[in-house]
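In what follows, a structure is listed as structure tokens, so that the remarks can point back to it.
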Amino acid sequence: MEKEKILLAGEITKKVKADAKDFIKKGMPLLEIAERIENKIVELGGKPAFPTNLSINNIAAHYTPFHEDKTLAEGLLKVDFGVHIDGWLSDNAFSLDLENSELNKKLIESSKNALKKALETIEIKKTTNEIGKVIEDTIQEKGFQPIRNLSGHSMDQYDLHAGITMPNIDDNSNIEIPGGLYAIEPFATTGSGKVHDGKPSGIYMIVDDKNIRSPIAREVLNFIIDEYQTIPFCERWIIKKVGAKALFGLRQLEQNGNLHQFKQLVEEKGALVSQAENTILLLESEKIITTE
Ligand code: CO
């Protein structure tokens, strides 16, 4: 683990988060919000760890604006972004109530409290389900449900989901937590506590670098390998570099099995979802929340 780079990614995240909390207003195009966040990350010397997720109301995650997206910010907006320095990652999220709604505010508070308590509780050698239980209890106390099929995750260089799952419920997983880098991300909902796959997101990740014949697809693939390696990226980033023909290349790469495209994740009852997330570095001698 390269502690200095992890901490630097965290410092950039804090600055971008402060800026985003200040500038995001109801009615602003999601495209403009995502670009400002991503540009600011680069301006401060980092790179986006994945495309900025801007998910509204019942969409829990994996909505990033498409290249000509006209969606405007409203409702309960979850802002989830990350930074990397040479692949060393931060991952964080916050939720905004853009409607002055008591219910939105309570739901946001409950995921925020669950995150706070989970971060206080987590220690090397505690078990993953102990953390899940703290999250579950805190959210249920307020009459809401945690989303059981979304979870936090360990992270490693260029690896956003490095193998250890940090559940949002007491799932009896009973895994002793080793030292390392973790994202903890409780989601709270007024619904049943499950998400299912929605529409394609335009967010992709490389899964196989096998050769592809189509020259456009090959050009796009080479660019992805150079620029993103194994971190997620989105169609609007590729279009910006390669032009609109990139859409054709992306489709071919997906069909050929080079790319995985993520689905939007939607609450199954169509209910509201809030999210809070921070990154924590667990070392033998200390624990550091890097993103707050
Ligand atoms: Co995460």
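Listing for the model above:
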| item | result |
| --- | --- |
| Options Gln229, Gln252; residue that is closer than 30 Å to Thr128 by Cα and outside the structural domain of Asp80 (by TED's automatic domain parsing) | Gln229 |
| Given (1) under 18 Å from the mean Cα position of the chain (by Cα); (2) within 15 Å of the ligand (Cβ to nearest atom), number of the condition Ile131 does not satisfy | (1) |
| Pair list, Cβ < 8 Å and 6+ apart or interchain, from the range 171-188 residues that are among the polar types (S, T, N, Q) to residues that are surrounded by fewer than 17 Cβ atoms within 10 Å (Cβ to Cβ) | Ser173/Thr127; Ser173/Thr165; Asn174/Thr127 |
| Residues located in the range 138-167, provided they are farther than 19 Å from Thr190 by Cα and of a type in the set (A, V, I, L, M, F, W, C) | Met155, Leu160, Ala162, Ile164, Met166 |
| Number of the condition not met by Met205 [criteria: (1) within 14 Å of Glu277 (Cβ to Cβ); (2) aliphatic (A, V, I, L, M); (3) within 16 Å of the ligand (Cβ to nearest atom)] | (1) |
| Selection within the range 148-159 - within 13 Å of the ligand (Cβ to nearest atom) and either more than 18 Å from Leu119 (Cβ to Cβ) or in a loop (DSSP other than H, G, I, E, B) (or both) | Leu150, Ser151, Asp159 |
| Residue pairs meeting the criteria (Cβ under 8 Å; at least 6 apart or on separate chains; first in contact (Cβ under 8 Å) with a residue 40 or more places away in the chain and under 17 Å from Ala9 (Cβ atoms), in the range 148-163; second of a type in the set (Phe, Trp, Tyr) and away from the ligand (no atom under 12 Å from the Cβ)) | Gln157/Trp88 |
| Options Gln261, Gln229: the member that is at pLDDT 95 or above and among the polar types (S, T, N, Q) | Gln261 |
| Residue in the range 68-101 that is surrounded by the fewest Cβ atoms within 10 Å (Cβ to Cβ), counting only those that are among the hydrophobic types (A, V, I, L, M, F, W, C) and within 16 Å of the ligand (Cβ to nearest atom) | Phe94 |
| Residue that is surrounded by the most Cβ atoms within 10 Å (Cβ to Cβ) [pool: residues in the range 135-147 that are within 16 Å of the ligand (Cβ to nearest atom) and under 19 Å from Glu268 (Cα atoms)] | Ile147 |
| Count of residues meeting criterion [in a loop (DSSP other than H, G, I, E, B), aliphatic (A, V, I, L, M) and either within 16 Å of the ligand (Cβ to nearest atom) or buried (at least 20 other Cβ atoms within 10 Å of the Cβ) (or both)] in the range 160-200 | 4 |
| Enumeration of residues in the range 111-147 that are within 25 Å of Glu286 (Cα to Cα) and part of a loop (DSSP other than H, G, I, E, B) | Ile122, Glu123, Ile124, Lys125, Lys126 |
| Unmet criterion (only one of (1) under 21 Å from Thr279 (Cβ atoms); (2) buried (at least 21 other Cβ atoms within 10 Å of the Cβ); (3) not basic (Lys, Arg)) for Glu123 | (2) |
| Members of the range 25-41 found to be within 18 Å of the chain's Cα centre (by Cα) and aliphatic (A, V, I, L, M), listed by number | Leu30, Leu31, Ile33, Ala34, Ile37, Ile41 |
| Qualifying residue in the range 272-282 (condition: farther than 30 Å from Leu8 by Cβ and assigned by TED's automatic domain parsing to the domain that holds Leu30) | yes |
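The values are calculated or read from the model by the stated rules, or taken from the named source; none is laboratory data. Just so it is clear, the model here is predicted, and its values are computed rather than measured. Ideal geometry is used to build each Cβ from the backbone, glycine not excepted, and the neighbour counts take in all protein chains shown.
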